[in-house]
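The values are calculated or read from the model by the stated rules, or taken from the named source; none is laboratory data. Since the model is a prediction, treat every value here as computed from it, not as a measurement. Please note: Cβ atoms are built from the backbone with ideal geometry, for glycine as well, and neighbour counts cover all protein chains shown.
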Ligand SMILES: C[S@@+](CC[C@H](N)C(=O)[O-])C[C@H]1O[C@@H](n2cnc3c(N)ncnc32)[C@H](O)[C@@H]1O
């Protein structure tokens, strides 16, 4: 409900980059979440908690940061005001998952407060294992609400049915998926062949297939549950231009030799070990790799956190280039088009996303 207006610093971005920039600002706690985002035909205006520095503006690739009048939304009573502290949690569909351990005696209290504040939350769970194994899944323990781990998550205009214990899914990759899908939609290649090597429930594949309907996506995953959900999600989202295949990419990459214009390699712990397979599946004239990598970078003495991040980005670029060179590709070269932090993985550990062009 609108109550008042306030003049606030904001980011003025082209509409096509709106969601990606909103996610970035939100992640860095720069977005004024109590002010209403506005847009016109060309631009979206994202209200900020403070004016950004020139360095911050250039980091997100934005030139203009004007001030503007925004409607201020009536504040809802915060979880902090109810329970006395701010728990860390993420919401996937109608399931809230506590992402940091809290005192056992307070769990019920926190869970009930979350459900009473957010009527859309029907289950509250906590993590009971790290993400592990080939399927990259984790165990959850239900604290309150319905006894289930299956849900329907909405992201960037797509719907994903998934079971949080049976498949990998991370809602914090929404901005990244939006970015990759936007690139595929803008591609100059006619009827682009996209290969999602580690597709999960189709989070990237479905967004690409929907935003770039002229493309054809091959989505592969070794986890049978992921492929089962992927097929269901294709129907849910009305996309037909995906072929979903269950199996180990190492056993089947030969079937897709010289086929792809664009390859998504979202397996950050070990994507670099699958570079040979990816290069063999790219068309001989080359194409685009969306390469994800996990890097650790502890700040050295006197170093700021953002310097450590820069180091992590450099390490990821070097990993890609070194592994490419070791494969002895003589007729093709690799060019890094963009490298950035996708999300924090742990303190001083980052998922780095690299867009790379492989060229003849
Ligand atoms: C980090 S998850 C990414 C899932 C999806 N791209 C997303 O964004 O939600 C990695 C996925 O790779 C799959 N995977 C792991 N090793 C694989 C392999 N050798 N061949 C095919 N899929 C594999 C896992 O089952 C898991 O679903």
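Some observations on this one:
- Residues (surrounded by fewer than 21 Cβ atoms within 10 Å (Cβ to Cβ) and under 11 Å from the mean Cα position of the chain (by Cα)) located in segment 157-172: 170, 171, 172
- Annotation: residue 46 fulfils all but one of (1) modelled with pLDDT under 90; (2) part of a strand (DSSP E or B); the unmet one is (1).
For every residue, the table says whether it meets (1) assigned to a helix (DSSP H, G or I); (2) within 9 Å of the ligand (Cβ to nearest atom); (3) at pLDDT 95 or above.
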residue: 250; (1), (2), (3): yes, yes, yes
residue: 258; (1), (2), (3): no, no, yes
residue: 264; (1), (2), (3): no, yes, yes
residue: 269; (1), (2), (3): no, yes, yes
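- Test set (1) buried (at least 16 other Cβ atoms within 10 Å of the Cβ); (2) part of a loop (DSSP other than H, G, I, E, B); (3) within 12 Å of the ligand (Cβ to nearest atom) - residue 239 fails condition number: (3)
- Residues of segment 124-162 that are under 15 Å from residue 233 (Cα atoms), part of a strand (DSSP E or B) and touching a helix residue (DSSP H, G or I) at 6+ places or on another chain (Cβ under 7 Å): 153, 155, 158, 159, 160, 161, 162.
- Those residues of segment 107-155 which are at positive phi and away from the ligand (no atom under 12 Å from the Cβ), in sequence order: 145
- Residues (buried (at least 21 other Cβ atoms within 10 Å of the Cβ) and either within 12 Å of the ligand (Cβ to nearest atom) or free of Cβ contacts under 8 Å to residues at least 60 places away in the same chain (or both)) located in segment 179-200: 180, 181, 195, 196, 197, 198, 199, 200
- Scanning segment 166-175 for residues that are under 16 Å from residue 355 (Cα atoms) and more than 8 Å from the ligand (Cβ to nearest atom) returns a single hit, 175.
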